[in-house]
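Presented below is the structure to which this report refers.
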Amino acid sequence: MADEVKTLSTQLAQDPQSLVFLRLGELLRQKRQLDAARRVALIGLERHPHLADAHDLYARILADRHDYEHAFDEWDMTLRIAPEHTGALKGIAFLYFKVGDLAQAEAHLRAAKRIVPDDPSVDQAIAMVRGGVASPPPSAAAQAPADAAAPPEEARIFAGLEGAEEGLLLLDGAGLVLGGALRSPAGADVTDAVAAYLAGVSQEAARTAKLLALGTWRGLSAEGGQGHVHLTPPTRESLLLVVRDRSVPLGRLAMLAQRVAQAARHWLERQT
């Protein structure tokens with residue numbers, strides 16, 4: 001593999017417009033040289049911005065780096081360019097699976113199966129999704145998230161995250177605000193009012209999922225006229241609400257919520 005990387009690197013240097021960057025980037029990704037793979041993919045995208053496989057490569061690298069939000073964006077772009085790109089369909093299915101949206105995960109896998117009906121990896125992934133297996137579908141090109149860096153101080157639960165100042169709300173099991181803030185479109189602080197309405201939602205969601213035999217609930221998304229919301233339980237005794245405007249697709253919102261929930265979990269663990 002090392003010799004092939006060297007050969008492909010030489011070819012790319014001699015012909016910067018060559019598509020060998022796709023193979024080179026994938027080899028580097030497989031070798032877990034993700035920074036180098038990312039550079040190769042970005043250079044390739046600069047030269048071939050409308051190449052679906054280039055966006056797919058970059059998405060797989062982003063997924064390996066646990067940047068699921070932007071991986072979703074890249075796979076979404078892949079499908080805009082090539083609607084029947086099975087790699088992107090399976091990749092997005094994996095991301096939906098990660099956040100517990102099994103219906104969307106299966107829908108994307110079934111779309112892939114219509115294109116490649118004889119691909120056994122798609123059948124296996126569909127079986128996993130239907131079974132609600134905790135491990136990701138084998139067709140995905142990413143690994144489970146590694147532990148994040150040390151959590152922020154108590155007053156800065158969401159430090160460094162997108163929209164950390166508002167649009168995020170973390171509650172304990174009793175509905176007490178632990179962090180974050182929410183404002184109405186008019187700018188009024190509605191943090192406490194929303195927290196009061198959300199008290200008990202986690203228990204109700206868990207009860208509903210149990211009655212419907214859906215397993216452990218992982219998330220709940222809602223689409224509104226002015227924006228979208230996503231609820232997820234970082235732990236059994238907490239609830240996270242993420243709010244964004246309509247420019248943020250529900251799929252990406254779910255990816256963002258997962259990232260925020262991970263930060264919240266680390267913070268909560270530090271408090272025990």
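The values are calculated or read from the model by the stated rules, or taken from the named source; none is laboratory data. Quick caveat, the model's predicted, so the values are computed rather than measured. No Cβ is skipped: glycine too gets one built from the backbone with ideal geometry, and neighbour counts run over all protein chains shown.
Among the residues making up the stretch 227-250, those that are closer than 14 Å to Leu168 by Cβ and in a loop (DSSP other than H, G, I, E, B) are Pro234, Val248. Residue-level check: of (1) in contact (Cβ under 8 Å) with a residue 40 or more places away in the chain; (2) among the hydrophobic types (A, V, I, L, M, F, W, C); (3) within 25 Å of Ala105 (Cβ to Cβ), Leu171 misses just (3).
Which residues, taken from the stretch 184-206, are charged (D, E, K, R) and not in a helix (DSSP H, G or I)? Asp189 - this is the single residue of the stretch 184-206 that is charged (D, E, K, R) and not in a helix (DSSP H, G or I).
Quick check on my filter: what residues within the stretch 83-115 are small (Gly, Ala, Ser) and outside any helix (DSSP H, G or I)? Residue satisfying the conditions is Gly100 alone. Does the stretch 187-213 hold any residues that are touching a Ser or Thr at 6+ places or on another chain (Cβ under 8 Å) and over 19 Å from Val177 (Cβ atoms), and which are they? Ala206, Ala209, listed by residue number. Considered as a group, the residues in the stretch 1-26 that are in a helix (DSSP H, G or I) and charged (D, E, K, R) include one that is nearest to Leu89 (Cα to Cα), and that residue is Glu26.
Among the candidates Arg29, Arg80, Arg60, Arg38, the residue that is part of a helix (DSSP H, G or I) and farther than 28 Å from Ser247 by Cβ is uniquely Arg29.
Is it the case, given these coordinates, that Arg218 is assigned to a helix (DSSP H, G or I), out of contact with any helix residue (DSSP H, G or I) (no Cβ under 8 Å at 6 or more places or on another chain) and either surrounded by 11 or more Cβ atoms within 10 Å (Cβ to Cβ) or of a type in the set (D, E, K, R) (or both)? Taking the combined requirement at face value, the residue does not satisfy it.
Find all pairs meeting these conditions: Cβ atoms under 7 angstrom apart; at least six residues apart or on different chains; first residue within the stretch 203-230 and assigned by TED's automatic domain parsing to the domain that holds Pro249; second residue assigned to a strand (DSSP E or B) and polar (S, T, N, Q). Within 7 Å, the pairs are Arg218/Thr232; Gly219/Thr232; His228/Ser221; His230/Ser221.
Selection of the stretch 116-125 for residues being in a loop (DSSP other than H, G, I, E, B) and of a type outside the set (Asp, Glu) yields Val116, Pro117. Being under 19 Å from Arg32 (Cα atoms) and modelled with pLDDT of 90 or more holds for only one residue in Ala71, Ala88, Ala52, Ala82, and it is Ala71. Look at the stretch 50-63: where a residue is in contact (Cβ under 8 Å) with a residue 40 or more places away in the chain and a partner is outside any helix (DSSP H, G or I), sitting 6+ places away or on another chain with Cβ atoms under 7 Å, you get Arg60/Ala141; Ala63/Ala141; Ala63/Ala142.
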